[in-house]
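The values are calculated or read from the model by the stated rules, or taken from the named source; none is laboratory data. None of the values given here were measured: they were computed from a predicted structure. Glycine gets a Cβ as well: all are built from the backbone with ideal geometry, and neighbour counts include every protein chain shown.
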Ligand SMILES: [Zn+2]
């Protein structure tokens, strides 16, 4: 028992030292001694051990007013890297990130999705080529996260629902058997929400709604993604908005996706791209302006329904939310307030990070975040 306690204290001190260097990017023995409740000999011992593991490295000396100049230690951001891969109908995109979440490389291949061996061989080849070009030893690659438009089984072994690309039942083994690194499948909207949390540490509870080619949602509860037992929490895109309404790709009718996807927004407007559509809608084009207003009405009803189950803030992300103006957000808030069952409800509809490739980043973070949690513990989140 005493040994376990001693080990835990030793581990905590190591996490404190590394956490301080991680957050300040670099530090010296003296600075660490002033900032942390740890003796200088113990700090020295930890610095030596951390240097041996490659997580920190010596990087010059501090300026000094006489006397010995202090050695500076920097966090080795590239001590580990993680890769995110997005699989879409017409392309795959690969991005690599360091331990600060900085993108260090990326590429896209235009290959049409096909649920066959040839396709998976091509994906594996692209992933292996990409990781080989990163210039880091394979042992430093934490893993490859595949952001997929589908729902993953609780054990992560296969897709339980993949109707967008027609790959329900696809196994992780089939995708990863020729890849040289650990791999995992992750529902793309859950990946985007992981990135949302990384980019905004103030989020505690929220329902995230990603408005893109298709709609995807995720629930954040207590500062974590709450996927639920069968990893299907927050699949609001298939809530019924209109009984016997428009066809949804899930096989049912009237789902939220059928009214709030990219295709639904552009329908019958004659516009073939979102930027073009929003330019016209904001410029006063009556057809596009009316369509946008209808779209925001459906979105308001969807948000009202979400709020009856989880009464947290709503974070809107994806390309459509990125292009919506502040006025559009104000209209959406008004429409939602007008149909509220509880008019005293206080909540906000917030624009999310809306960063490009957010799901790819999140898929890579699914490896980076646990690694940092392990190495610097509670200090991984400032
Ligand atoms: Zn549906």
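Out of (1) away from the ligand (no atom under 16 Å from the Cβ); (2) touching a helix residue (DSSP H, G or I) at 6+ places or on another chain (Cβ under 6 Å); (3) touching a residue at least 60 places away in the same chain (Cβ under 8 Å); (4) assigned to a loop (DSSP other than H, G, I, E, B), what's the single condition that is false for residue 250?
(1)
Could you tell me which residue of segment 196-237 is farthest from the ligand (Cβ to nearest atom), considering only residues that are modelled with pLDDT under 90 and surrounded by 15 or more Cβ atoms within 10 Å (Cβ to Cβ)?
So the first thing to find is which residues in segment 196-237 are modelled with pLDDT under 90, and the list is 201, 227-234.
Okay, now just the ones that are also surrounded by 15 or more Cβ atoms within 10 Å (Cβ to Cβ), so 227, 231-234.
On the way: 227: 19, 231: 17, 232: 13, 233: 16, 234: 14 Å.
Checked segment 196-237; the qualifying residue farthest from the ligand (Cβ to nearest atom) is 227.
Can you pull out the residues in segment 324-365 that are farther than 25 Å from residue 280 by Cβ, crowded, with 16+ Cβ neighbours inside 10 Å and in contact with a helix residue (DSSP H, G or I) (Cβ under 6 Å, 6 or more places away or on another chain)?
Within segment 324-365, 353, 358, 359, 361, 362, 363, 365 meet the criteria.
Taking the options 204, 269, 260, 235, name whichever one is without any contact (Cβ under 8 Å) to a residue 24 or more places away in the chain and closer than 22 Å to residue 311 by Cβ.
Values: 269 fails: closer than 22 Å to residue 311 by Cβ; 260 fails: without any contact (Cβ under 8 Å) to a residue 24 or more places away in the chain; 235 fails: without any contact (Cβ under 8 Å) to a residue 24 or more places away in the chain.
Just one listed residue meets the conditions, 204.
Quick check on segment 258-270. Is at least one of its residues in contact with a strand residue (DSSP E or B) (Cβ under 7 Å, 6 or more places away or on another chain), over 18 Å from residue 329 (Cβ atoms) and assigned to a helix (DSSP H, G or I)? Spell out the reasoning first.
Taking segment 258-270 first, the residues in contact with a strand residue (DSSP E or B) (Cβ under 7 Å, 6 or more places away or on another chain) are 258, 260-261.
Now restrict to residues that are over 18 Å from residue 329 (Cβ atoms): 258, 261.
Now drop any that are not assigned to a helix (DSSP H, G or I), which leaves 258.
Within segment 258-270, one or more residues are in contact with a strand residue (DSSP E or B) (Cβ under 7 Å, 6 or more places away or on another chain), over 18 Å from residue 329 (Cβ atoms) and assigned to a helix (DSSP H, G or I).
The rows are residues; the columns are (1) assigned to a helix (DSSP H, G or I); (2) buried (at least 21 other Cβ atoms within 10 Å of the Cβ); (3) touching a residue at least 40 places away in the same chain (Cβ under 8 Å).
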site	(1), (2), (3)
284	no, no, no
289	yes, no, no
292	yes, yes, no
302	yes, yes, yes
305	yes, no, yes
320	yes, yes, yes
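Within segment 30-43, which residues are closer than 17 Å to residue 15 by Cβ and touching a helix residue (DSSP H, G or I) at 6+ places or on another chain (Cβ under 7 Å)?
Passing the criteria: 32, 33, 35, 36, 38, 42, 43.
Could you give me the residue pairs with C-beta distances under 7 Å whose first residue belongs to segment 40-54 and is more than 16 Å from residue 79 (Cβ to Cβ), whose second residue is surrounded by 13 or more Cβ atoms within 10 Å (Cβ to Cβ) wherever it lies, and which are 6+ apart or on separate chains?
These pairs meet every condition: 40/29; 40/33; 42/13; 43/17; 43/29; 43/32; 43/33; 44/29.
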